[in-house]
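Read through the structure below, which is laid out as structure tokens, and then see the notes.
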Amino acid sequence: MAAYLRRRLAWLLPSFLGITLVVFLAVHLAPGDPALRESFDPDAGSADAADIERFRAEHLLDRPLAVQYLHFLGPFDLSPRGHRWFGGSGEHAFGGLLALDLGSEIHRPHVRIVDELGRRLAVTAPLTLAAALLAWGIAIPLGAWSAVRRGQKRERALALGLFALHSLPGFWLALLLVLAFGAAGLGWLPVLGLHSAGAEDLGWFEWLLDLLLHSILPVLALALGSLAYLTRQVRASMLEVLAQEYVITARSKGLSERVVIGRHALRNALLPAITLAALILPALVGGSVIVETIFGLPGMGRYAYEALLERDYAVIQAVTALSALVTLLALLAADVLYALADPRIRHG
Amino acid sequence: MAELRTVLQCWRRRPLFWAALALVCALHALGAAAPLVANDAPLWLAAPGGARFPALEPLNACERFVLLLAPWILCTPLWAASSWRTRIGFGWPAFALVLALVWQLSAGARTFVPAGEWKRQLGAQSALFAPIPFGHSETNSSEPWRPPTWLAASEIDEQGHYVERNVMGHPGGLELPPSPVEVRAGEPARNAALRHPLGTDALGRDLAARVVWGARNSLAVGLASALFALVLGTLLGSLAGWRGARTDLVVSRAIELVLCFPVLFLVLLVVSVGSGGVSAVWTISGVLGLTGWTGVARLLRAEFLRLREAEFVLAARGLGFSEWRIVLRHALPNALAPVIVATSFFAGTAMLAESAISYLGAGLVEPEASLGGLVRGGTEHAWMVIFPGAVLALAVIAWNLLGEELRDLNDPRIPGRRA
């Protein structure tokens, strides 16, 4: 186990650097330049050349790509304000990923990316977590039920429904929810943002109720997206367990069907499902661009997408670095959990 | 007759598989034949100098080839279930006919006529129009946001204006169009129930026509990226599995790396940049293929690691066959079944990814249509959400069902598995 873990950990860093490098290259080799947008003068209809030059020098956009990447990695700040060793003024000696300093947004220099990430995560994480809990809460009993009732008419109908749900486009489902429950349809639920206008003046209870009402549809849309997949996974793993000999043993001992299914089968069937749960983590920080766009939520997915449109290199790199790190850790956690749950892998 | 019985028998043995195949083929045939299904230019026109085929004129040789292939795509469930003799007897001459026709057709110069221009200048000439006589970018300013015309919500009053009602999520409050609904040559009457069976968008473009052309683009992305992923994954996966050792290590690490990529984000990045002249269909397919080959590669690698030691491969090697021949003729055919299943699923996934990108507004640019982009065009109008999304859902369901059925066909635990 220790050797396995060590091997996996050793591979973590190169993977992380590889992903950040690819994203860095893709972002920088793509046409478009934050400097153009920043120094664009709407009255003159064009950008001032001197302004562009100043902006580019300030953000190292005129330096070779390798320097820019090293600047992003840190720990030394290579900009004109950076470390003395690299010809800077020494004002801001350390920066970049290794110095745990993500800097500030290009277009809004007063906004530190770390703070903004925190604000966005505060929206995305609770929603994703609630959606994951909802999806798992439905998927486990539903999957177990359909494995036990395998081949029966009602189970086949459910399987068909889940198959269709699995194939439906997520944004379409979310929009149908909006059309059905929003102002255009039944008008039961608000569909935009997290708070109504003037929510600050409400008492804490009304404020909370307002928040809950606003998050019902986004959570539902997020949960529906993964529900079918999770149910099918639980069903498959439950079917595998039900065919095992220890289930037959449990039955022949004369245990009630409830105990056989609930205690013996389901617990074992959920072990592989745990590893799936670890893979929720990336979604937890990555958010969903689609759902956040439809419901107008200021979450992580939206942040990354807006940064992409505005060519805010610093934000794009920070977000992808964070999501790559979490993805890698989640994959590692999934493998480790799986190894812990299954001795054959641990010792094999 | 005997042949037909063979086909019917074949279908009856696995109805779901053939239904899925028929649905996939029908949708792709519709996409391939889009210029003949929905077009503002007439299909046939009795011009003074002889007959003209205006709908074909703007197409290039490749598009004409695809167009002529449409009947064959539609008939795939028929010939795939028939005997080898029939396939060869009818297949090759028919295919040669298509090629000859394309050769003949591509000789003429390509002409570009602005959308709707043909109809305005038609006059008294006799012409034959497509079933949906609207172009995918043909606007009509006199009927914006018109709900499906078979709904009571879309009536025409005495002045020829259509009456707006608050139905199907229509917010109302828009001013009536300034002029009566404009009807051009070849179009159904202004109050015909099927004038715009799926409604129109903000610019008065017929949604049915745009759905057909959007399906063409979206299906093309699904198919192209699946084929791209198949080729790339086959190359890298078989190389890793067959060579083993260091090659395997490199490819496996590459697979892990690509799996960690934020795919949607990467596609958005590349696509939002534009593609320098290449149609966005190919850019999106390229990126989706570049990030989606890992599934195929992992399957093939595992299969090849197993097959490398298989007895029939050792026997082939003992016979002195070249390594290429062993891989191509012996190993690959035996490893391909799970790969084809994975490709079928990936085509559906790629369509979903493309529609999500187009929904965000980064994919195909207007006036090009894509099923996801159409939904984006009017999220508060129910018909703009329901119809393109339903077609997209149908296509993805068809691909996934085909994948499931193919997987069952290959599963030795399920009896009666011959198609």
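How are the Cα pair distances of the range B:207-410 distributed, in percent, across 5 Å bins from 0?
Result, from short to long distances: 1, 8, 14, 16, 16, 13, 10, 8, 6, 4, 2, 1, 0, 0 percent.
Would you mind giving the mean number of other chain beta-carbons within 10 Å of the Cβ of each residue in B:260-270, as a whole number?
Rounded to a whole number, the mean comes out at 6.
When chain A is modelled as a GNM with alpha-carbon springs shorter than 10 Å, which of A:Glu245, A:Glu116, A:Glu155 fluctuates the most?
A:Glu245
After finding the eigenvalues of the alpha carbon gyration tensor for the protein assembly as shown, what semi-axes result from the square roots of 5 times each, listed largest first in whole Å?
Ellipsoid semi-axes (Å, largest first): 42, 39, 31.
For the pair A:Leu340 and A:Leu279, what calculated FRET efficiency results from E = 1/(1 + (r/R0)^6), where r is the Cβ-Cβ distance and R0 = 25 Å, to the nearest 0.05?
In this case the efficiency is close to 0.95.
Taking only complete DSSP H runs, can you tell me which helices of chain A stretch 27 Å or more along their own long axis by Cα positions and average at least -1.0 on the Kyte-Doolittle scale?
A:2-29, A:113-148, A:204-242, A:313-341
Just tell me how shielded B:53-60 is by partners: mean number of partner chain Cβ atoms within 10 Å of each residue's Cβ, no decimals.
0
Can you give the FRET efficiency for A:Arg267 and A:Glu53, using 1/(1 + (r/R0)^6), R0 = 51 Å, r = Cβ-Cβ distance, to the nearest 0.05?
After rounding to 0.05, the efficiency reads 0.20.
What shape does the range B:2-106 have by the C-alpha gyration tensor, where a ≥ b ≥ c are the square roots of the eigenvalues, rounded means a/c under 1.5, and otherwise prolate means a/b greater than b/c and oblate the rest?
prolate
Kindly write out, for the range B:394-400 in residue order, the coupling ³J(HN,Hα) from the Karplus curve 6.51 cos²θ - 1.76 cosθ + 1.60 (θ = phi - 60°), rounded to whole Hz, with x marking Gly and Pro.
So the Karplus estimates, Gly and Pro as x, are 4, 5, 5, 4, 4, 4, 5 Hz.
Measure nothing but the geometry: give the 0 to 90° angle between the long axis through the Cα atoms of B:61-74 and the longest principal axis through the Cα atoms of chain B, rounded to 10°.
Once rounded, the angle reads 80 degrees.
List the residues whose amide H sits under 5 Å from the amide H of A:Phe76, counting only those 5 or more places along or on another chain, with H placed 1.01 Å from N in the peptide plane.
Placed amide hydrogens put A:Gly95 under 5 Å from A:Phe76.
Can you classify the range A:194-348 as rounded, prolate or oblate using the Cα gyration tensor, where a ≥ b ≥ c are the square roots of its eigenvalues, rounded means a/c under 1.5, and otherwise it's prolate if a/b beats b/c and oblate if not?
Oblate, since a/c reaches 1.5 and b/c is not below a/b.
Using just the C-alpha positions of the range A:93-174 as equal point scatterers, what log10 of I(q)/I(0) does the Debye formula give at each q in 0.20 1/Å?
-0.99
Sequence-distant or interchain residues sharing an amide H contact under 5 Å with A:Asp101, placed H: which?
Answer set, sorted by chain and number: A:Gly96.
Shape verdict for chain A, please, from the Cα gyration tensor: rounded (a/c under 1.5), prolate (a/b greater than b/c) or oblate.
Oblate is the answer for chain A, as a/c is 1.5 or above yet b/c matches or exceeds a/b.
Every number in this text was worked out from the coordinates using simple rules, so none of it is lab data. Predicted model, so just to flag it, every value in this text is computed and none were measured. Don't worry about glycine lacking a Cβ; one is built from the backbone with ideal geometry, like all the others, and counts go over all protein chains shown.
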